Each structure stands twice: as structure tokens, then as C-alpha cells.
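First up is the structure itself, then whatever we jot down about it.
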Amino acid sequence: TDLNGIIREISPSISNYNNFNRLKLIGSSLYELYYDVNDRIELLDIIIEKGEIRDYEIRLKSPEDVVIYVSINAKLIKDENEKSKYIEGSFRDITRRKHAEFEILKRESFLNLSQQIANMGSWTLNVKTNEVILSDNNLTILGLLPIYNNKVIEFFIENIYHEDRNNVAAIIENIKID
């Protein structure tokens with residue numbers, strides 16, 4: 001694009017993205033593609049400040065007004081006098097990945113709510129590092145702050161109800177053996 005956001009050239013592969021027409025895009029304003037124009041303004045501020053941007057996530061909109069999540073790499077191109085000429089870049093469609101991330105967040109939220117209702121928690125042990133990761137509700141039940149997450153298993157066992165410690169320690173040893 002030029003510095004005013006007019007598309008001067010675009011790869012023919014753009015037609016692979018949600019019914020975009022390359023010939024219609026050339027000469028049009030890039031601002032028309034942004035789902036939120038403020039994203040473009042923020043992106044430009046960063047490119048002007050740093051000279052380039054890598055893996056910057058934004059939302060575009062398809063010709064049908066469907067949100068498309070993309071990751072952008074872009075660079076400010078300057079002439080021999082260091083005057084800004086245009087912005088060159090590429091984007092990668094990450095819509096599927098973003099939808100998967102949203103789904104994971106939704107499921108984590110549901111799990112956390114379910115654990116709160118049941119007054120229970122969960123934990124995961126990394127047997128290679130001997131670190132344990134506790135669910136939010138497990139931290140609450142144990143009266144621990146989030147800073148105590150990712151601690152060694154011995155710390156976790158010390159904070160378990162004293163009558164359950166031996167059983168949990170035995171389970172952990174069985175996990176390590178398997």
C-alpha cells in the first residue's frame with residue numbers, strides 16, 4: 001500500500017480468502033478491509049515507530065462482512081533519502097486458529113465454573129520437570145494465590161489435606177512409574 005492506505009499491488013492468492021477480488025482491491029483503500037479502522041491506525045503507529053511489524057493480529061472483514069482474523073508481517077519501505085515510500089507486507093489467515101482458541105477459553109471457563117459449583121479442583125503434573133499446575137478453583141480450595149502455581153510437586157503435596165497426602169503421593173509415584 002502507499003502511505004495513504006491505497007492498495008497498489010496485491011498477490012493473486014488474495015482470491016483464496018473469502019471471495020476477495022484482486023482487481024477490485026487494487027486502487028481501493030485498505031481501510032475498507034479492516035473490521036475496525038482503529039486497528040489500522042494502531043498498526044500504522046507501530047510500523048512508523050519500529051519500521052516493521054511481525055505476527056501482529058488484526059481483524060479484517062470479507063466482502064460479505066464476515067470477520068477474518070489475520071496475522072500481519074509488514075515493513076515500512078524508505079527511499080535512499082530515508083523518506084517513507086510505502087508499506088510492504090503479507091498476512092496469513094488465522095481465523096480457524098482464533099476460533100479454536102475461543103473454544104478452548106469457553107471450555108476452560110465452563111470447567112472452572114463446574115469446579116466452583118462442585119467445590120473441587122484439578123491439577124496436572126509435568127513428570128519431566130516435577131512441576132504441578134493447579135486449576136483456579138484448586139488454588140482457591142487450598143487457599144493459595146496464583147503465584148504458587150507451577151511449583152514443584154512436593155509443595156503441592158504439603159498443601160493437601162493431611163489425611164489425603166499419602167494417597168496423593170502414591171498416585172503421583174504410580175504416574176511417574178508409568
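Assorted remarks:
- Whichever aspartates and glutamates have a C-alpha closer than 20 Å to that of LYS75, once near sequence neighbours (fewer than 8 apart) are set aside: ASP2, GLU9, ASP39, GLU42, ASP45, GLU49, GLU52, ASP55, GLU57, GLU88, ASP93
- Cα-based reach from LYS128 at 23 Å (exclusive), listing lysines while leaving out same-chain residues under 8 positions away: LYS151, LYS176
- Considering the chain at the alpha-carbon level, its Rg and Dmax are found to be 25.0, 75 Å.
- Estimated dipole of the stretch 1-132 in Debye, rounded to 20 [Cβ of Lys and Arg +1, of Asp and Glu -1, Cα centre]: 380 debye
- The distance linking the stretch 73-136 with the stretch 1-72 is 22 Å (Cα centroid to Cα centroid, whole angstrom).
- For the residue pairs LYS24/LYS78; LYS50/LYS106; LYS61/LYS83; LYS50/LYS78, the C-alpha atoms sit more than 24 angstrom apart in LYS24/LYS78; LYS50/LYS106; LYS61/LYS83.
- Ordering of 100-108, 85-93 by packing [mean C-beta count within 10 Å, highest first]: 85-93, 100-108
- Solvent-accessible surface (1.4 Å probe) assigned to THR129 amounts to roughly 70 Å².
- Normalised by the number of residues in the chain, the average gap of Cα pairs under 8 Å and 6 or more apart makes the relative contact order 12 percent.
- Residue ranges 56-62, 14-20 sort as 56-62, 14-20 when ordered by packing (mean number of other C-beta atoms within 10 Å per residue, highest first).
- Accessible surface calculations at 1.4 Å, restricted to protein heavy atoms, place the chain at 69 Å² per residue.
- Surface share of carbon and sulfur [accessible, 1.4 angstrom probe, percent] for the chain: 51 percent
- Listed residues ARG165, ARG22, ARG96, ARG8 arranged by accessible area, highest first, probe 1.4 Å: ARG96, ARG8, ARG165, ARG22
- The long axis of helix 165-177 is offset from the longest Cα principal axis of the chain by roughly 60 degrees.
The values are calculated or read from the model by the stated rules, or taken from the named source; none is laboratory data. The model shown is predicted, which means the values in this text are computed figures rather than measured ones. Counting neighbours? That spans all protein chains shown, and the Cβs are built from the backbone with ideal geometry, glycine included. Ligands, DNA and RNA are excluded from the accessible area calculation, which covers all protein heavy atoms including side chains. Shrake-Rupley method; radii C 1.70, N 1.55, O 1.52, S 1.80 Å.
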